[in-house]
Amino acid sequence: MKKLVVTFLMFLTAMTYAQDQKPQIPQVNVSGEGKVKVAPDQCVITLGVENTGKDAASVKKTNDETIDKVIKYIKKNNIPATDFQTTNVSLYKNYDYEKKKYNFHANQTITVLLKDIKKYDEFMMGITDTGITNINGIEFKSSKLEEHEREARKKAMLNAKQKANDFVSALGQKVGKLLLITDNSATHFPRPMYKGAMAEMAMADRGNKETLAIGEIEIVVNAQVAFAIE
């Protein structure tokens, strides 16, 4: 009886294993890339205010006074409250090894979104009068990013299909139905940086000149794609 039970269990195990071992579908796995280059129509400017002194309260007060001027200037340029934001605030004690004494350092940054990039020069003309000490960076953007990303996705799939065809046709076979798509993409924008003295130099000569080279931003989509082989 025991032998019969063991034999039956072995039979069930073999049947289950056979069912699990489905025939593998011949397939080709490729990566596809889609790129769309466009001229940006928006930019995010990061402004910084820094002050150092012996007393924490006075350093913070000086910083706050400058930030107040910056915010008023931003509002004066008809930039809505939803388009500017404080992104960093810090106040810390620092030891000066040369002078062998402690001082306090206050820092605050504000990011401003200009939805019309043509207003960049006009906006920057008066920003230094507020007392800012740093232009920490510029990020170029497009108001039609989602539209461009959709276009890039289509290009990525066409690129993947072409690659698959190149591989498979060399063997006299054809690309079949789509089996899998994995999105591996991330959007990156060029971001020129200006800091400290460089910011002062960049804005020292504020004549009627163009001071921003916007170039193009590149929207890139990468996808891993699997097709069946017929």
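Since every read-out is calculated from the coordinates, none of them should be taken as a lab result. Quick caveat, the model's predicted, so the values are computed rather than measured. Glycine also receives a Cβ, built like all others from the backbone with ideal geometry; neighbour counts cover every protein chain displayed.
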Handout entry: Estimated FRET transfer efficiency (Lys161, Ile214; beta-carbon r; R0 30 Å; 0.05)
Key = 0.35
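Just how large is the dipole of the stretch 147-190 about the Cα centre, in debye to the nearest 20, putting +1 at every Lys and Arg Cβ and -1 at every Asp and Glu Cβ?
Dipole of the stretch 147-190, to the nearest 20 debye: 220 debye.
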Handout entry: In order through the stretch 217-230: 3J(HN,Hα) via Karplus (6.51 cos²θ - 1.76 cosθ + 1.60), integer Hz, x for Gly, Pro
Key = 9, 10, 9, 10, 10, 10, 9, 9, 10, 10, 10, 6, 10, 9
Practice task
Report, largest value first, the span of the C-alpha coordinates of the stretch 98-187 along each principal axis, in whole Å.
Solution key: 77, 41, 19
